[in-house]
Amino acid sequence: MDTTQGGSPTPPKNRLTLIIAIAVVVVVVASGIGLALYYSGSSHKTTSTGASKVTITVWDSSASGGESTAFNNSLAAFEAKYTNVTVVVTRGVAVGSSNFATDATSHKAPNVYRDSSDNAGALYSAGLVVNLSNYLGTSFTSNFTTGTINDWTLNGALYGVPVNTNGIALYYNKNLVPNAPTTINQMIQDAKNVTAMGKGYLGLPYAIGATWGYRFAAWYPAFGGELFNSSGYPMLNSSHDISAMNFVWNWSKTYGINTVGLSSMSDEQAYFEAGKSAFMLDGPWDQSTYQKALGNNLSVCAIPYDSQTGKWPMPLWGSIGYMVSNSAASGANASQIWASVQFVKSMTNFLTQVSLFQNAGDFPSLTSVGTYISAHPGVDPLVSGWVAQEQHAQKFPNIPQMAYYWSAFHIGATNLEQNSSSVTPTDAMNQIEAYIISELKANNVPYESAQSSFGPGIAQLVLIGELTESTTFARVV
Amino acid sequence: MTDNIEATGNQDTLETIIESGNTHYRRMRVVKRLITHVFLILIAIYAIFPIYYVVINSLSAGISLASVSVSSLLPLPTKLSFQNYTGLFRFQHGALLNIWLPNTLFYAGSATILGLALALSAGLALSRFRIPGKKVILYMMLILSTFPFVIMIIPMYDMFSSLSLTNSYAGLIIPYSAGAVIFSVWLIKNYVDGIPLDFEESAQIDGYSRTQALFRILLPMTKPVLIMAMLLSFFGPYTDYAFINIMVTNGSLWNMAMGLYAYSQVSSQTINYGQFSAFAVVMGLPIFLIFLIFQKYLVSGFSISTYK
Amino acid sequence: MMLNSPARIKENVRSRKWDWHGYLFILPVLAVLAFLDFYPLAFGIYYSLTDFSLAHIFNYKYIGARNYLFILNGNIPPLAVLVWQTFEWSLGSIILMSSFGFLLALLMNQPGLRGTRFYRTIYLFPWAYPAFITVLIWKGLLDYNLGFINKFLGIFGIAKIYWFGLPSTSMLSLILVNLWLSFPYYTFVYTASLQSVPRELYDSARMDGYGTFGSVRKVALPLLKRQIAFVTIFGFIFTWNNFYVPFLLTNGSPGTSTFILITYTYYEATNSLPNWAMASAYAMISVLIMLAVVAVVNRFTKMMSVIY
């Protein structure tokens, strides 16, 4: 090695290393503690300032470009009106109810959050969202359609303000089906005729095993069934709901108008957009895609009723809206909550909703905007079909247990589709019911006393759950 | 180490000397070689096809997943277009170049430097110092490496939140730098174990202190394994999605993976496949080039230090 | 200073006398691990014994082993199914990747084979490209209706394959995508270790009348047995905790047929009614199984001896 270089005696250097090392450790530890102390104190400091200047944080989950345009316009209008309120907006992928919940665990959720009424219902039940009934009276809510206000009401509390309303209806290809079917039997017959046109045609493709039961839920009321009873107990293995599954299962099993093994909803869309299928069950958000593919041949109607029983299929009619988080979730003070409520009112007003309809095709929750749209039919030629469907729709359940329906349906329907030799529709519905109950138990619901932070719906479920648990599980195992 | 392959490729082995002159053997050998090459070429196509696929798609105007076909994958000069790239760079007012790319490089770069410093000092010490309880530390690190990150994520969020580290650069860089640290410590420790003590001895005889000998003499000798560790600590942060998605909501802190997700999620049913492909090429290219440049060190790093 | 006499230094270094400086060097890593692993881990264990979930977000409490008991008897999907799927995923992947990588390394290690550098560079592609992106590319390639692979097979009259549509095939598809992502790593590692076997040993095996594979079996396998075991076991641990491939490709669907423990944990923590306590319990179960596997394997392979 190079002898000319390091001739100096070592002990001083050794001591230097020691001193530096100790200094580094001390600085790191001290700054860590200091940082923690500083910030643990700072949250109190910021909230105690007066009401003159207020900052609110907003998570915006606007999906399409059109929705974002409408949001930005309304935001500008709000900021012009309330100059003392600063709005900090977050958009994009991290905006979701699970991230909202994670942030709420440390009181850092945003002040205003936009989500669907069912996700919001779960957040309200968890005690994270302000009950707006204390801020907005009936003079405000009466401007909205009854359906959308119902979507945003749980146990008598209004926990958010709807900005739109949506659900599914029956798209059809006028080239293959000139007139909308008026009964379920006619719909089946139309689909059979289209299937008979030859190879590559399929009347009513529906990827039952690859979807999560959102569109399927329309069929339960057609057979007198429901998702949850008035106590919030899942009714999926009732004879009515089993009939619904039998009916849809027969599309591929008996009528041949559907096929087993479609891997996703886009497989259905591929048929419909290629003009190879008669019908497509879908919502208004895909309307522009279909218009591009089918042009004037595209039309939409209400899913027809059963002429023998007189019962209608009723799609879940849901709503997106804005909610305000309470101080437990976001650390908000009274003036921040007040500003948030003003913001929510502004984001759901007449001008915003007209803009949302024109830019993004969102259907309004305000009655007055509905009237406006009917007076200006040029914007959406298919609007009458949607209005017809809205007459036959069910409330989108906003009790927390609804969140378990999706996976449950997916598991049951997949099992039915993949193992149809050994699994019957009845088995599938029993499995769906058992899964929901299993999830409710896993989330400690049946073990909770009535003072759970969840609403009375769950408290009653506890009792029922305890009673039926043994019988239900005997079937599963 | 890599050059070895080429070396043996040209050298006359015993086998060829013995077998030369025997035409039967020679023919057998040619057939065997041919079969080997066919296999290797097939695997090469398998390896390269998805990359080729995404590059070609990114250069085709108006491509969608539905319109991809055998003929659309042929590189025809007539339909080559860069519009997917120009669209990508314009997306959200140039967020890619202004926010996502610089952020990603900043996270990955600083995590690499920090992580390497941590791993280097620990790796050297674990190899060269007599530390009571060393075995316990090594076992502990081995066991920790079997733990999935998911287990940590919620407590970590709460801890970071109370330290105001969520939505901050520090809150990302600190965990990122620890991401590959255990594996890097292992690499360095095992590599240094294989270097004879003589070098440090003679350095200390020459008057270096123990610590100086470690850093001035040993450090330059660990170059291959350092580069290996550097690459490993760079990749994690560069492609992270799961962690940043939970820790960050502020769009100005996003990395490229978040951008890519947002970009393709905007309309999940009608994803613009050409622009997705362009994004995939832009995001993958830097990593790919780094890999090609350092591939020599990858092989040698593994051969010496993953196991003894 | 007398301390610096050559003889003393030599003695000092060789004896590896205890030196407190060693702790200084490993202190930063230990601090980082305490901050980012032990603290969250301890909280993870605690959370798994509470009812910390959206329903009890601010008023969660200690409930003992109730979560574990519930997982053990009654939750859907049953724990046995999840564990089985996790083994299917990690064992299937590692067996395929390790043997494919070894065979490829053997093919490339033939004496006198031309073009190995070319092949090696090509085989780098899947490894060098960020997996986050290539997984999304494969997702598009394997789409049932629109994917290129099914379109390509259609040319030869082969019916479309439900890659991700059926429980029976979707796990296999995941493993095949994972093979593409990971075989380069194993090829590189095994190439390096095959090169460490002296060429003369092969030649003498040839002289004894063994063919190509015979000499590999007689010479290379006994020498590399421990290295192969080591690489395979660490690959197994890595695959067990590999999150992105199953998460991005199927995230459990169809049904729950492709959930593995880590993706199910993530699902429990991030669905619209997050249950962080259950997620922690599942993560703990995953870790416990992993540690048990490592302990059992260690009895037979002594892989922990890399520590010494």
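What follows is calculated from the coordinates using simple rules that are stated; it is not laboratory data. Every value quoted in this text rests on a predicted model; they were computed, and no experiment measured them. Here the Cβ positions follow ideal geometry from the backbone for every residue, glycine too, while neighbour counts run over all protein chains shown.
Evaluated with a Cβ-only charge set (Lys, Arg +1; Asp, Glu -1), region B:87-305 carries a dipole of roughly 120 debye about its Cα centre, given to the nearest 20. Shielding value for C:37-46 is 6, the average number of Cβ atoms from other chains within 10 Å of each residue's Cβ. At full extension, residue A:186 and residue A:372 could sit 63.6 nm farther apart than now, given 0.36 nm per residue minus the alpha carbon distance. Per-residue Karplus couplings for region A:406-418, computed as 6.51 cos²θ - 1.76 cosθ + 1.60 with θ equal to phi - 60°, are listed in order as 4, 5, 4, 4, 4, 5, x, 5, 5, 4, 4, 5, 7 Hz, Gly and Pro entered as x. Per residue of A:353-365, other chain Cβ atoms within 10 Å of the residue Cβ number 0 on average.
For residue A:129, the residues 5 or more places off, or on other chains, whose built amide H falls under 5 Å of its own are A:326.
For chain B, adding -39500 (n - 2.57) for each run of n ≥ 4 DSSP H residues and dividing by the number of residues yields -22000 deg cm²/dmol at 222 nm. Distance between the pseudo-spin-label points of residue B:198 and residue B:42 (7 Å out from Cα toward the beta carbon): 5.0 nm. For the peptide B:133-145, the mean number of other protein chain Cβ atoms found within 10 angstrom of a residue's Cβ is 4.
Helix-only arithmetic for chain C: the sum of -39500 (n - 2.57) across DSSP H runs with n ≥ 4, divided by the residue total, places the mean residue ellipticity at 222 nm at -21000 deg cm²/dmol. The P(r) of region B:88-194 has a tail past 21 Å containing 52 percent of all C-alpha pairs. When the charge dipole of region B:87-305 is built from unit charges on Cβ atoms (+1 for Lys and Arg, -1 for Asp and Glu) and taken about the Cα centre, the candidate among B:116, B:236, B:217 whose Cα reaches farthest toward its positive end is B:217.
Between the C-alpha center of region B:82-151 and that of region A:156-213 there is a gap of 49 Å. Spin-label pair residue A:388-residue C:200: with each label point 7 Å from Cα along the Cα-Cβ axis, the two points sit 9.1 nm from one another. Over all directions, average the projected area of the Cα convex hull of region C:13-84 and note it in nm². For region C:13-84, averaging the hull's shadow over all directions gives 9.4 nm². Which residue, C:168, A:160, A:72, has the largest displacement toward the positive end of the dipole of the protein assembly as shown when charges sit on each Cβ (Lys, Arg +1; Asp, Glu -1)? After comparing all options, I get C:168.
How many percent of all Cα-Cα pairs in region B:87-305 sit more than 31 Å apart?
Cα-Cα pairs in region B:87-305 separated by more than 31 Å: 33 percent.
Summing Cβ point charges (Lys, Arg +1; Asp, Glu -1) relative to the Cα centre of the protein assembly as shown gives a dipole of roughly 3100 debye.
The value given for region C:70-307 is a Kirkwood hydrodynamic radius of 20.1 Å, derived from the mean inverse Cα-Cα separation. Assign unit charges at the C-beta atoms only (+1 for Lys and Arg, -1 for Asp and Glu), then state the dipole size of region A:61-168 relative to its Cα centre in Debye, rounded to the nearest 20. Taking the Cα centre of region A:61-168 as origin, the dipole is about 180 debye.
If I take all pairs of Cα atoms in region A:131-281, what percentage of them are more than 23 Å from each other? Don't skip to the end; give the middle numbers.
On the way: 5632 of 11325 pairs.
Counting pairs separated by more than 23 Å, the tail of P(r) holds 50 percent.
Of all lysines in the structure, those lying under 20 Å Cα to Cα from residue B:189, and not within fewer than 8 positions of it along the same chain, are B:134, B:135, B:223, B:308, C:17, C:302. Each of A:280, A:294, B:28 was placed along the dipole of the protein assembly as shown (beta-carbon charges, centred on the mean Cα), and the one lying farthest toward the positive end is B:28. Expressed as a whole number of Å, what is the distance separating the alpha-carbon centroids of region B:54-75 and region B:209-258? Spelled out, the Cα-based centre of one part sits 35 Å from the other. For the protein assembly as shown, the alpha carbon convex hull comes to 205 Å³ per residue, rounded to a whole number. Here the simple spin-label model places points 7 Å from the Cα toward Cβ, and for residue B:64 and residue B:168 these points are separated by 4.6 nm.
When the square roots of the Cα gyration tensor eigenvalues are ordered a ≥ b ≥ c, the ratio a/c for region A:75-141 is 1.5 or more and a/b does not exceed b/c, which makes its shape oblate.
Between region A:214-242 and region C:63-108, the alpha-carbon centres lie 36 Å apart.
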